[in-house]
Structure formats: C-alpha cells, structure tokens
Amino acid sequence: TGKEGHTFSVFWVLVSVVLGAIAMLCKEQGITILGLNAVFDALVINKINLLELIRKLLYKDKSLEKAGLLRKGLLFRITLLMCGGAAILYIRWRIMGTGPPAFTEVDNPASFADSLFVRAINYNYYYSLNAWLLLCPWWLCFDWSMGCIPLIKSVSDWRIIALAALWFCLIGLICQALCSEDSHKRRILTLGLGFLIIPFLPASNLFFRVGFVVAERVIYLPSIGYCILFTYGFSLLSKQAKKKKILAVAVLGILLINVARCALRSSQWRSEEQLFRSALSVCPLNAKVHYNVGKNLADKGNQSAAIKYYREAVRLNPKYVHAMNNLGNILKERNELHEAEELLSLAVQIQPDFAAAWMNLGIVQNSLRRFEEAEQSYWTAIKHRKKYPDCYYNLGRLYADLNRHIDALNAWRNATVLKPEHSLAWNNMIILLDNTGNLAQAEAVGREALELIPNDHSLMFSLANVLGKSQKYKESEALFLKAIKANPNAASYHGNLAVLYHRWGNLDLAKKHYEVSLKLDPMAPGTKENYNLLRRKLEQLQKKGG
C-alpha cells in the first residue's frame, strides 16, 4: 500500500494495542480485543479465505501471497498485535506475580474434580449455560458459585443434552464457515464465530483455572459475535420467508423482550436488596446468595430475618465461616451466648487464621466471664492480623473489667495508633483516666483525641466532664454546648451540663438543663435526685430573699 499507508497502519495498530492494555486494566478479558482485531483485519479488510489458507499451510504451498496472508501488510500487523499482547501479558505477570490466584473448591467445583471426564463434561456444560444466557438471558445471578450448579458426574444426567445441542450447533456453524461455497457467507460466519469464541477463551478453564462457574460479565464481548450470527441468520431467513412481516414482528418482539429484561435487570442492580433477592429464585442452592440476603437484612436491623438466611447459608455450606461469624455476632447481640460460642469456635476450627471470628469469640467468652479464654482469643486474632484496632479495643475492655488499668490503656493506645479516628478507644481512655483520678492525663488525652476527631460529640462530652471536675467551668461549658448542638437528644449531655452549672452556681441554667434531661429520659440515673436537691436549694434561697 506504499510507505505512507504502511506507517498509518502501524500507528493505528499501536493505538489498538494501547487501548487493549487499557481494557485489560479494567478486566483481563480486554486483552482478547487484540485477537478480535486480527480476525477482523484478516476476514473483513483482507477477505482471507480461511479454508484455502489452511489447505495451503497443510500442503506447504509457497503461494501464500495469493492467499492474502502478506497482502497489505497483514502478517506484519498481526505480528505487531501478537508482540503487543505478549508485552502486555508480561507486564501484567511482573506486576501481579508469577503464581495464579488461589481459588477454592466452592468457587469452581469442576476444576477440583479428580476425574478428567467430570472436569471436561462440566466445563462443556458451563459453555452451554453461557450460550443459553446469550440466547435467553432470563436466569441472571450476581454469583453462580457455592453449589449453584451441581456437578454432572455421570452420562445419565439429563443435562448432557445441553452439551450435545451446543456442539451440534457449533459444529454446524464451523462447517458452514469453512466449507460454504458462498465466500461472503464464509467470512460472516467465521467473523461471528471468532468474535463469539475468542473473547470467551480466558474464561473457558482451558488454559488456567478461573475463580467462577458462570460469570455474566465474560459474555459481554462474545455477545458481539452472537449479534453478528443472529443478524446474519435473520437476513437469510428474510430472503427465503414468504411472509416477511411475521418474521419482522418476531424479531421485533425478541428485541422488545430483551429490552424489557435489560430494564428489569438494571432496576435490580439499583439496590443490594433487590439484586440479592433476585438471585434466590435462580440459585436457591447457593449459600453465598442466602448469606448476602442475610447480611443486607442485618445491616438494616432486621436481625430475626437475617438469622434465617444465615442459618440456611450454613446448612447449604457447613464450612461457610463468614456466615458462621455473622450469625454468631447476631446471636451474641441477642444474648444467645452459648450457641454463638459454638458457631464461632467451629469457624476458627475450620479456618484457624480467621481473625474476625477469633475476636468475636473473645467478646462472647468475655460476656460469659471466661476472661482467660477471651484474652487468649484476642491475642490469637492479633497474631493473625497484626493491625487490628478493633481487637485491641476489645482487649482493652477486657483488661478494664479485670481492673488491669495500665494494660487497658496500652491496648486502647495501640488501637488509636493503628486507627487514629477510633473514637471508642479514645473515649474509654478518657473515662478510665477520669474514673481513676488522673484528671490531667485524661485532659491531655481528650485534647489529643479532639485534634484528630474534632466533630465527635462523645469525645467533647467526656472531655467536658474532665474539665468540669478540674474547675475549668467556662471551657467545660463550651464543650458541653457544642456536644449538645451536635446531639441535642442525649439526656446525659443535658444532665451533666446541669451538674456543671449546679457546681458553678448558675442555678437557673442548671434547673433548665435538668428539666430537659428528665424530659428526654425520666429514668436517667441521679438526674432526678440532683434536680430535687436543686429545687430545694432554690426554694431556700427564695425564702431567704422573701
């Protein structure tokens, strides 16, 4: 094509490689775009006759130029694409590491099967499911793992029919793509099959184990090939059909149904609850689906319903440690401590390095007043997760219950070092130092905490109490008022501000805030007694004044 055309071609090939690399950064499957470009270049731009090319290669025919392989720099462009693809894969290999990701049996059961026959037959069944989702995208699920698709273990399984149907169609299309006398038909079918198969290869388990059974995202690019084949099939039918209007209505109907399905699925993706619940009818045997529905309900405060789904997740997968941990947490909050302990103990037995389960087990053991076991569980959690501020916080609470004040302060300090915005740890340090009479140290810790978390009203409240006891009334008042502004419905905030005014001698303001506190919480401990004392004092002052 001349020097200028060749340079122009190289530029756009390199752009294609760069865009393929960007696509791979989004999803590994993006690199297959380079293969699709090569197929498009060969079949559409250069109009290669694939069958003729295969014959010439088999018979070592030297007239490959006539077959079009070298025409217009095709071989050069394909070599550039291959080199670009290899470079991208090498960079990915260097960045991500040399070993493949670690997957478990629940992620892809077929790949862990001992029998080659079982692996092969199930891989092919997965292909047929993907093909069915392209044809009829009704069964859509956010996760297909954890027993969603039971393994085919014998040829007597009726699902073998799906494999036969898939390969019958594929072989028929391949034969037409290679052997049809119509060159246009050959190119269209080969292009459609190339666009259908090449992007799916990374998900096929043929080259490496993948971490899923079916993933709807991997058929996004293959859908290009499906659309090409579908459109070409419709054009052939329309040429032969006598009643073309009926065929057009049928295709329009299919299009509208798919648009409606797309709209419905999009609406399901708008919220976690809808997305997770939509999966229950598609994959009722998937423990992860029940787990996610349960977690969503628990996050919304519906613990009773969450327990039901967590129990079902554990029943479907007795080794599902995350479901056990979350269920144990809810049972712990409902004070069903013994069952919670059983579940959490089982979880750490199945997965000994599960730090969160060890911490929750420690919390349960602490509630059961088995302090030594609780301490051991906390330290085991920290052993498996070095930077675990919440565990240090709970360890500090244990030490505080045992009156090991120095250990408690050290644990809470570790929590705040690891997570400077850990409000509860800061608060507990201030309160413990306040209760043990270390007001100067409590004040220093409180000021340090507020520098890091300036808008935390609970820290303002705790520091205000310390300042009030240190007779720094003005500064204490300012902090109390700031805390009340942030959380006006906290009875204790009004009650303690009233105590401050009471000590300070501002009796009218003390009376006002005692009354607000009692209105918010009539049973607030000590507030009613202090209010009655204040009223008697005011009455005495009025009598003296009279």
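Points to keep in mind about this one:
- Relative contact order (percent, whole number), the range 105-256, Cα cutoff 8 Å, 6+ residue spacing: 26 percent
- Entry for the chain at q = 0.06, 0.11, 0.12 Å⁻¹: log10 I(q)/I(0) = -0.54, -1.11, -1.23, Debye formula applied to identical alpha-carbon scatterers, no solvent contribution.
- Between the range 219-250 and the range 285-355, the alpha-carbon centres lie 49 Å apart.
- Taking a ≥ b ≥ c as the square roots of the Cα gyration tensor eigenvalues, the range 285-350 comes out oblate, since a/c reaches at least 1.5 and a/b does not exceed b/c.
- Split the accessible area of the chain by element, probe 1.4 Å, and carbon with sulfur accounts for 62%.
- For the chain, the relative contact order is 7 percent, taking Cα pairs closer than 8 Å that sit 6 or more residues apart in sequence and dividing their mean separation by the residue count.
- Taking a ≥ b ≥ c as the square roots of the eigenvalues of the Cα gyration tensor, an a/c ratio of 1.5 or more together with a/b larger than b/c marks the range 105-256 as prolate.
- For the range 387-435: rounded, prolate or oblate by the Cα gyration tensor [a/c cutoff 1.5]: oblate
- In the chain, the calculated helix contribution to ellipticity at 222 nm averages -23500 deg cm²/dmol per residue, counting -39,500 (n - 2.57) for every DSSP H run with n ≥ 4.
- Taking every full run of DSSP H in the chain, the ones that stretch at least 30 Å from end to end by Cα along their long axis and average 0.5 or higher on the Kyte-Doolittle scale are 2-26, 74-96, 244-268.
- Based on protein heavy atoms only, the chain ends up with 56 Å² per residue of surface accessible to a 1.4 Å probe.
- Contact order relative to length of the range 265-406, as percent, for alpha carbon pairs under 8 angstrom and 6 or more apart: 13 percent
- Residue-wise HN-Hα coupling along the range 205-217, computed from phi with Karplus coefficients 6.51, -1.76, 1.60 (Hz; x: Gly, Pro): 6, 6, 9, 7, 6, 9, x, 7, 8, 10, 9, 4, 5
- Set of lysines with alpha-carbon distance to Lys543 below 23 Å, sequence-local pairs under 8 removed: Lys511, Lys512, Lys528
The values are calculated or read from the model by the stated rules, or taken from the named source; none is laboratory data. Predicted model, so just to flag it, every value in this text is computed and none were measured. Side chains included, ligands, DNA and RNA excluded: accessible areas come from the protein's heavy atoms. Shrake-Rupley method; radii C 1.70, N 1.55, O 1.52, S 1.80 Å.
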